[in-house]
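Just so it is clear, none of the values below were taken in a lab; they were calculated from the coordinates. For clarity, every value in this text was computed on a predicted model and none was experimentally measured. Positions of Cβ are backbone-derived with ideal geometry, glycine not excepted, and every protein chain shown enters the neighbour counts.
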Amino acid sequence: MMSMANEPGRGGAGRGGASSAVDPAAFEAAAAAVEAALAAGARYADARLVDRRHESMTARDGDVRSLSQTTSVGLGVRALVGSSWGFAALGDPAGDADARRTGARATAIAQASAAVPGPPMELVAVPAVQADWASECLEDPFTVPLAEKGDLLTGVTATMRAAGVAVAEALHQAWDTRTAFVSSEGARIGQHVRETGAGMHCLTVGDGETQRRSYPAFRGQYGTRGWELVRELDLPGHADRIAAECQELLTAPACPAGETTLLLGGEQMSLQIHESVGHAIELDRILGWEAAFAGTSWLDLSQLGSLRFGSELMNITIDPTIPGALGSFGYDDEGTPATARDAVRNGTWVGVLAGRDSAALAGLGYAGSVRADGYARLPMVRMTNVGLEPGPHTLEEMIAATDDGVLMEHNRSWSIDDRRLNFQFGCEIGWEVRNGRKGRMLKNPSYTGIGPRFWSSLDMLAGRAPGEWRAWGTPNCGKGQPGQVGHTGHGAAPARFSGVRVGVRG
Amino acid sequence: MPSPDSLLDDLAGAVLGEVRRQAGADAAATVRAERSTLALTRFADSAIHQNVADEQVTLHLQLTVDGGRTATAATTRSRPDAVADLVAATLAAARLRPRDPSWPGLGEPAPLTSAGSPDEATAAASPADRAAGVAAFVAAAGGLSTAGFVQTAALSTVLADTAGRHLRGATTSAICDGIARLSGADGVARSMSARLADLDCAALGARAGAKARAGVDAVPVDPGSYPVVLEPAAVTDLVGGLVSGQFNGKAVVDGTSGLRLGEQQFDPAVTLTDDPAAGVGLPFDTEGTPTARTELVRDGVPVGLTTDRRTAAALDRAPSGHASDVSTTWGPVAGDPVLSPGSGGSVTDLVAGLERGLLVSDLWYTRVVEARRSVWTGLTRNGVWLVEDGQLVAPVSTLRFTQSYLEALAPGAVVVGSEVDPQPYRLMGPMGYNRVAVPALRLAAWNITGNAAG
């Protein structure tokens, strides 16, 4: 039984462990880069020396299929000249000279940016913190024997194959990231974050169709935790069930098309929040900075504090302080301390994900949501933990209160427009809900809608029963050019929506 | 750069030497030493707001012991102690793995068709060069708000293995990609080449500006099946979906591909190849298999697949040279697809042949709904127009579609344009973007399943 529920947190930075164990030499390199950037003409600079280790193991049909370990060490420097930014990165700087060269290069790039300048820019103030922070980790994933990991993954894939599925795959990943951050304003922050996760899925192939079942989520469940998270998932305890469901889906009736009451499981709710709320409240999108690629947002800053985003049950927080959630940290990659704040309160839009420059441009007084994918990528506005607070109901009550509807679980596909309004999601599995009871299984369930209309139809929200609310981890959030993969968290519980169009087909 | 790099040769040799020292003569190893530089200048609201450059050397090692115990590792550390650490960690991991009975072994040495076609000027492009491209795009948009990026990238690789291969390759790429914006309407223009000098950023800015001006005051249309003309940016998504989900050897092995090899599955006007030499690909894949032009569809008949050594063995084929760092997970995918031009003429000519339908500039956020039928859902972006009697009659607001990409190209359903327009597209390429060379298409039916109203 999975018992990984994280409690919603409302604290500040420093709730993790005490020491980051970042190498003092890393701070020296970052400081040298900042000095060089200023000497070359920058009015502000910061630098991150990032040492990151990643391990990934996959198994398929009873055999370990891949085992990959990567280490990535390098220096990334931001420099601000006038209103123009420059960013330069170098892998494995050999010493002071390499660090200084990278800092000066960042300033030179900023000076080139000034050839096509933007409006005057300031940065919202943050305290010049000198601190250490580490995420909590009870069992270091890199000390767990590879043989034990392999046994786990091969075992569950063998179980699923033996149960008759066509393909069974399982995956574990872990990251260990140590960051030394130095800014020209005097910040000096060491941070050590460990992230771990695992999952499994199986496929069945029928006449012209494939069906898929996953556990505990599409691509697994992840958190800023250690191997204890994987143990709590209890993959072996769920292998037979998802294999059986995957086969049953081949002969299940298709999800009917039409408008109905929709009940969503917590994992699907986490992606619904991610796509239709989390990205929509990114301030860089709202300001048009992502117009050509990730897109913009339907939200207009002039309506911050008054716009009706959803029903009264909709309370969304931006909270990087939730212990163990995948989007948690002590300080973001601009050195802003982790702080919880509201994004949507009682259905009204009240907050955004912001960085120091975007917040200043928007006339806001807070930042704290700027993150980078490793040393070689520019820190940018990203989700942290953007989640829905638990509701007053239980899933059991929601089903009992539904005369005619569909319950859908586990994401299979997702698509949303560039303003984060028009979405269509497919799920792996559905069930009829008739006269207050969960009925027969449905295959190929899907639903579509328009963000604020959909959220306004939220009429029941679970979270009262133990384990219904969880901080789900999304380890694959893409954004930015060059591309960056972000790790985000989303507190979510099962929810019910009225009048939703389901069963969309091609 | 990007001539053969002695540092990379030395690093590759050092890793193999360390493998022999630590793992013995029976170990099988493939090492890649890569030097990459990536510089990207982004603009929004007609100003440069992000401007980045990074350079790194990365060592990749795949090590197999006992005839089938394999582990892979990579590191950006390249000093001598890091080389020994890399081999030690990989060896420790490999020894803990069970023997993989389907380990395909190392490849046989084979001649390369080229050493790649890097452009030195592109590799040496400065921030000022990229800013000049941005300035040209912005100016040519005629005062409209603009956003986009100019990127230059270079990659040099040395691959060596314990079977005696020692291969060198290099490539470069350049992209200009942007939109112009006017009153809620966006127009797009983008292009990609191995050479920065091939890109005409001013022409792209002018094209994007004209598209935006033509897109103002868009109106909704009802869902339903429409004949469409897809411009090259939209065709790129269709081709990308097919090469990643249908011609991918892993998809065939898994049973998630609906391809019918040898049958007239597509219109005879459709001919699709993968051609690294014409694009921005390297002359060999991550397993050392030479890359070459691969026929995927000839005159509407699927004739080829993309494979790495594992999927090739499973399918009883020769590997096609499409292994990548992620092909174990996502399968081997064409990196430089080319849809051959047809006889349909320009976009204007294709539109002239529509009695009533839609002209679609670009597709966005496309995701698979049903794998075997290749049913995708997604949205239009950067401009849609209603066409009546061969003329654009009104811009149309964003539409959702849910459409089988396989069935969209069915016999009798396709007219292929005559002008190939290379587009950037993400297909897991080592430099972030791949080059997809496609003409516009006119398709008999495209299933619109929603509009801005839901």
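General observations
- Along principal axes, Cα extents of the protein assembly as shown, largest first, whole Å: 67, 63, 63
- Of the residues A:Val50, A:Gly503, A:Ala106, the one whose Cα sits farthest toward the positive end of the charge dipole of chain A, with +1 on the Cβ of Lys and Arg and -1 on the Cβ of Asp and Glu, is A:Gly503.
- Sequence-distant lysines (8 or more away, or on other chains) whose Cα lies within less than 25 Å of A:Lys443: B:Lys250
- Here A:Lys438 is the anchor, and the aspartates and glutamates within straight C-alpha reach of less than 19 Å, apart from those fewer than 8 places off in the same chain, are A:Glu245, A:Glu248, A:Glu259, A:Glu267, A:Glu396, A:Glu397, A:Asp403, A:Asp404, A:Glu409, A:Glu428, A:Asp459, A:Glu468.
- Percent of C-alpha pairs per 5 Å bin, segment B:326-454, short to long: 2, 10, 15, 21, 24, 16, 8, 3, 1, 0
- Per-residue shielding of B:82-92, expressed as the average number of other chain Cβ atoms within 10 Å of the residue Cβ, stands at 1.
- Chain A: C-alpha pair distances exceeding 37 Å, %: 30 percent
- Kirkwood hydrodynamic radius of segment B:224-451, from the reciprocal of the average inverse Cα-Cα distance over all distinct pairs: 17.5 Å.
- Residue mean of other protein chain beta carbons inside 10 Å, B:55-62: 4
- In sequence order, calculated HN-Hα J values of segment B:248-265 (Karplus, 6.51, -1.76, 1.60; Hz; x Gly/Pro): 5, x, 5, 5, 5, 4, 6, x, 9, 8, x, 5, 10, 4, x, 9, 7, 7
- Compared with the dominant principal axis of the Cα atoms in chain A, helix A:146-162 is inclined by about 30°.
- Relative to the compact-globule estimate of 2.2 N^0.38 Å, the Cα radius of gyration of segment B:257-343 comes out at 1.08.
- Footprinting exposure proxy for A:Leu171, A:Leu67 (fewest neighbouring C-beta atoms within 10 Å first): A:Leu171, A:Leu67
- Between segment B:395-454 and segment A:100-155, the alpha-carbon center distance in angstrom: 36 Å
- Spatially proximal lysines relative to B:Lys211 (Cα-Cα < 29 Å; intrachain offsets below 8 disregarded): A:Lys479
- In percent, rounded to a whole number, the relative contact order of segment B:6-214 is 22, using alpha-carbon pairs under 8 Å and six or more apart.
- C-alpha center-to-center spacing [segment B:1-60, segment A:188-248] in angstrom: 32 Å
- Rg over Rh [alpha-carbon atoms, Kirkwood Rh] for segment A:359-468: 1.08
- Converting phi to 3J(HN,Hα) with the Karplus coefficients 6.51, -1.76 and 1.60 and the offset θ = phi - 60°, segment A:409-416 yields 9, 6, 5, 10, 8, 8, 7, 8 Hz in sequence order, with x at every glycine or proline.
- Using C-alpha pairs below 8 Å separated by at least 6 residues, the relative contact order for segment B:224-451 is 28 percent.
- Diffusion coefficient of segment A:326-422 by Stokes-Einstein, Kirkwood radius over Cα pairs, 37 °C, 0.692 mPa s: 197 µm²/s.
- Hydrodynamic radius of chain B per Kirkwood, over alpha carbon pairs, in Å: 23.2 Å
- Length-normalised contact order for segment A:24-251 - Cα pairs under 8 Å, 6+ apart - percent: 22 percent
- Dipole magnitude (debye, nearest 20) for segment B:305-395, charges at Cβ of Lys, Arg, Asp, Glu: 440 debye
- Kirkwood hydrodynamic radius of segment B:6-214, Cα pairs, Å: 19.6 Å
- Highest average first, the peptides A:222-230, A:409-417, A:340-348 ordered by how many other beta carbon atoms sit within 10 Å of their residues are A:222-230, A:409-417, A:340-348.
- Residue-averaged beta-carbon neighbours from other chains (10 angstrom radius) around A:442-449: 2
- Exposed-site-free run, longest, chain B (rule: trypsin sites (Lys or Arg not before Pro); DSSP loop; at most 14 other C-beta within 10 Å): B:100-259
- Distance from segment B:200-232 to segment B:66-80 (C-alpha centre basis), Å: 48 Å
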